[in-house]
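Peer 1: Please see the structure below; I have some questions.
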Amino acid sequence: MGRLVVVSNRVALPRRGEPTAGGLAVALKDVLKANGGLWFGWSGETLKGPTTGEVKAVRYQGIDYATTDLNETDYKGFYAGYSNNILWPLFHFRLGLLEYDRKQAAAYRRVNRDFAKALMPLLAPDDVIWIHDYQLIPMGAELRALGARQRIGFFLHIPFPPWAVFSALPGADMLLRDLLAYDLVGVQTKRDLAGLVNCMQDGLELDIDAGHGVTATNGGIQRRTQLSAHAIGIDTRSFATTARKAAFGPDAQRMKASMGDRQLIVGAERLDYTKGLPHRLRGFAALLANFPEHLNRVTYLQVAARSRNEVASYRDLRRELDQLAGRINGDYAEFDWSPVRYVARAVARDTLAGFYRAADVGLVTPLRDGMNLVAKEYVAAQDPTNPGVLILSSFAGAAETMDGALLVNPLDPEAMAEQLDRALKMPLEERRDRWSSMMRGLEEQTASRWAENFLAELEEQTLPAEPPAAWTAPAAVRN
Ligand code: GDG
C-alpha cells in the first residue's frame, strides 16, 4: 500500500508527554505509523480575519501532521452550523432539531473545497486517502474536481438513516452524489448499510450490484463505489489494563469509600441530545419508584462532559438535566444518600476507567448512536471474576454485536427500570457468561482491526481504467 493520508475534521495533534486520548486516535496513529502516513485536518484554531489557506506541518514519531485554520465565519457556518446543527440531527433521525440555513450549506461546501485545495499539493500519486465523518462528505468530490486520481475511502462514524429521513435535507441528493467520488464508503453497522443502500436506490435511483457496489458515470468515466459495514472497536487490552490499574488509584478508592456497600450504576458521555440522558434519568427515577428495595441501596453516577455549547439545543439539554437530577435527588435523597451524582464536566480517562470497573451496571442508552465506544469500554474495564452488567440501547450500533448486554428501548422508562432491577440482582454466573461472550467479541473487533480491514478493502477496489481528468460537478452524475 502507498502512503496513507488520513483526513479528519479535527487532527489529534501530538503533545509531548501527553498520552493519546481515545482508541480511535490510537488506532489511526498505528496505521499511519505502519504506512509512513500524513494526518490532515483543521487545527482547532479559529482566526478573526480571513483564512490564509496556510498549512502548518509538524512531524512527530514517524507521522506527518498538516493542519489548516478556519476563520470565525467558516467555524460558525461549516462546523457549528451545517455540521452540528443540520447534519448531526439529520443523521441521528432528529428532524425536529434540524435548522436549515442556505448560507451554512454554502460554508460547508466552501470549507470542504478549501480543505481539498490545501491537501492537494501535499499528495503523491500512489497515496491512499481516508476521509472521516460527516463534516467532510464532499471532500472526496472536491479532490476529484482538482484532479485527484488516488484511491479515496470515506468512513461515517454516525448512523446512516434511510431515504425517508435523509430526503428531509434540502440538497440531499447532492450530498449522496458526493459519496460516489469515493472508491469505498464505510459505515458502522448492517442497519447503517441498509440506510445507505436505500438512499442510493430511492434517492438517486441507482442500482446496487450483488457485491454491494454502486456504479455511476461522471465526465464519461465510470467509477464503482463499494459500500460496506466496518464496526469500529477500541484498544481492548490497553483499556482493560488501564481500568485494572485505575481501580487502585486515588479516585476509584475515594469513590468506593463514598459508596459504602451501595451498588453503583455508571454512565459517561459528551452532553449530547442523541445520548438520551434525560430518558436515562427518567428510567432511574422509575427504578426508585417501582422497585423501592433499591432506595438508599444504589447510586447512579452520570458523567456528562459539556460539548458544542454554542448550539442552543445543547444549552437547553444542560438545563433539562440540571432540573431532572435536582428533582430526583429532591424526591428521594436522604441525609446520608443522594441517588444521582451528576458531574457536568469531563473526568480523566483513567479515572473514568476506574469508575467503570467499580460500577455494577453500565447504563448506555443513546436514542441513536453510530457505534458507542462507552459500551465497549465499560465491558473491557470489568473485573473478569466479578463483572458488572451492561444495559444497552437497541438503537446503538454496538447492540448489533454485544449479545451479552441487556437491551432496552430508551423511550420506555418502565422497561429501563425493569432492566436496571434485573441487572442489580443478576447472579454472578449469569454476569460472567454475558461478560465473557462480549469480551471475546471485543478482543477480536479492536480499533486496529477495524482500520486494517477498512484499508484492506479499499486496497482491493478496482480503480477506473481510464482515470478521470477531473471530477466534474456532482450534479452531472448519471446512472
Ligand atoms: C462518534 C459516534 C462512534 C466520554 N466522557 C468522557 C470521556 N468520554 C469518552 C468515552 C469514549 C468517547 O468519549 C465517546 O465515544 P462514543 O463512541 O461513545 O461517542 P461519540 O463521541 O459521539 O463518537 C459514535 C464514535 O464516533 C467512533 O466511531 O462510536 O457512535 O457518535 O471514548 O470514554 N473521556 C474522558 N472523560 C470524560 O468525561 N476522558
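The values are calculated or read from the model by the stated rules, or taken from the named source; none is laboratory data. Keep in mind that this is a model prediction, so the values were computed, not measured. Quick reminder, even Gly has a Cβ in these numbers, built from the backbone with ideal geometry, and neighbours come from all protein chains shown. In case anyone asks, the SASA skips ligands and DNA or RNA and just uses the protein heavy atoms, side chains included. Shrake-Rupley method; radii C 1.70, N 1.55, O 1.52, S 1.80 Å.
Peer 1: For the range 173-330, what class follows from the C-alpha gyration tensor (a ≥ b ≥ c being the square roots of its eigenvalues): rounded when a/c is under 1.5, otherwise prolate if a/b is larger than b/c, else oblate? If you can, show how the numbers build up before the last one.
Peer 2: Values: a/c = 2.98, a/b = 2.15, b/c = 1.38.
Prolate shape, in that a/c is at least 1.5 and a/b is the bigger ratio.
Peer 1: Moving to a separate point now. Please state the charge dipole magnitude for the range 237-444, taken about the Cα centre, from unit charges on C-beta atoms (+1 on K and R, -1 on D and E), reported in debye and rounded to the nearest 20.
Peer 2: Working: 29 positive and 28 negative charges, 138 e Å.
Computed charge dipole of the range 237-444: roughly 660 debye.
Peer 1: In what sequence, highest mean first, do 222-235, 352-365, 406-419 appear when ranked by Cβ atoms within 10 angstrom?
Peer 2: On the way: 222-235: 21.4, 352-365: 25.3, 406-419: 19.4.
The densest-packed peptide leads the list: 352-365, 222-235, 406-419.
Peer 1: Apply the a/c threshold of 1.5 to the C-alpha gyration tensor of the range 302-375 and tell me whether it is rounded, prolate or oblate.
Peer 2: Working: a/c = 1.75, a/b = 1.08, b/c = 1.63.
Judged from the Cα gyration tensor, the range 302-375 comes out oblate (a/c at least 1.5, b/c at or above a/b).
Peer 1: Further, regarding this structure: Express the accessible area of the chain per residue in Å², computed with a 1.4 Å probe while the remaining protein chains stay in the model. If you can, show how the numbers build up before the last one.
Peer 2: Working: 19700 Å² over 479 residues.
Roughly 41 Å² per residue, with all protein chains present.
Peer 1: What pairs in 29/275; 33/245; 48/76; 48/103 have C-alpha atoms more than 22 Å from each other? Display every interim value, and only then the final one.
Peer 2: Working: 29/275 27 Å; 33/245 27 Å; 48/76 12 Å; 48/103 19 Å.
The pairs that break the limit, which is 22 Å between Cα atoms, are 29/275; 33/245.
Peer 1: Would you please classify the overall shape of the range 237-444 from the alpha carbon gyration tensor, given that a ≥ b ≥ c denote the square roots of the eigenvalues, rounded means a/c under 1.5, and beyond that prolate means a/b larger than b/c while oblate covers the rest?
Peer 2: On the way: a/c = 1.28, a/b = 1.17, b/c = 1.09.
Rounded, since a/c falls under 1.5.
Peer 1: Using only the Cα atoms, work out Rg/Rh for the chain, with Rh taken as the Kirkwood radius, to two decimals. Could you put the intermediate results ahead of the total?
Peer 2: Details: Rg = 23.0 Å, Rh = 23.5 Å.
Expressed as Rg/Rh, it is 0.98.
Peer 1: How large is ³J(HN,Hα) for each residue in the range 222-236, as worked out from phi by the Karplus curve 6.51 cos²θ - 1.76 cosθ + 1.60 (θ = phi - 60°), to whole Hz, x for Gly and Pro?
Peer 2: Each residue's phi maps through the Karplus curve to give 8, 10, 9, 10, 7, 10, 7, 9, 9, 5, 6, x, 10, 7, 4 Hz.
Peer 1: Given the DSSP H assignment, sum -39500 (n - 2.57) over each helix run of at least 4 residues in the chain and divide by its residue total; what's the result at 222 nm in deg cm²/dmol, nearest 500? If you can, show how the numbers build up before the last one.
Peer 2: Values: 16 runs with 180 residues, N = 479.
Value at 222 nm, helices only: -11500 deg cm²/dmol.
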